[in-house]
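Okay, so here's the structure we're looking at.
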Amino acid sequence: MTIAPQVPIQQAVQTAEATLKGKATRAELIEEGNTFVYEVEVDKQQAAIDATSGQVIETYASCIL
C-alpha cells in the first residue's frame with residue numbers, strides 16, 4: 001500500500017531552502033518504495049523531503065555531468 005503525500009510541494013521547497021540556505025531551482029515528487037519523497041534542488045545541492053511528514057531525509061551534492 002502506497003502512502004499518499006500529505007505535505008504540499010510548497011512546504012517541501014521552503015524546508016529545503018531553509019536547510020540548504022538558498023533558492024530552489026527544481027522540485028519534483030518521486031515514489032520510493034511505498035512512500036513519496038520530494039527531491040528539491042537548491043543551488044548545487046539537493047534535499048530529499050518526506051512527503052508524509054515534511055522532514056528532511058537527506059541532503060547531498062547534485063551531480064553535474
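The values are calculated or read from the model by the stated rules, or taken from the named source; none is laboratory data. Keep in mind that this is a model prediction, so the values were computed, not measured. All Cβ positions, glycine included, derive from the backbone under ideal geometry; neighbour counts span all protein chains shown.
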Conditions (1) at pLDDT 95 or above; (2) surrounded by 13 or more Cβ atoms within 10 Å (Cβ to Cβ): number failed by THR25: (2)
Candidates VAL37, VAL56, VAL13, VAL42 - the one that is among the hydrophobic types (A, V, I, L, M, F, W, C) and touching a Leu at 6+ places or on another chain (Cβ under 6 Å): VAL42
Scope the stretch 25-42; condition out of contact with any Gly (no Cβ under 9 Å at 6 or more places or on another chain), touching a residue at least 12 places away in the same chain (Cβ under 8 Å), of a type in the set (Val, Ile, Thr) and closer than 16 Å to THR59 by Cα; matching residues: THR25, VAL37, VAL40
Residue within the stretch 39-58 that is in a strand (DSSP E or B) and over 12 Å from the mean Cα position of the chain (by Cα) present: no
Tally, over the stretch 36-56, of residues that are among the hydroxyl-bearing types (Ser, Thr, Tyr), surrounded by fewer than 20 Cβ atoms within 10 Å (Cβ to Cβ) and in contact with a helix residue (DSSP H, G or I) (Cβ under 8 Å, 6 or more places away or on another chain): 0
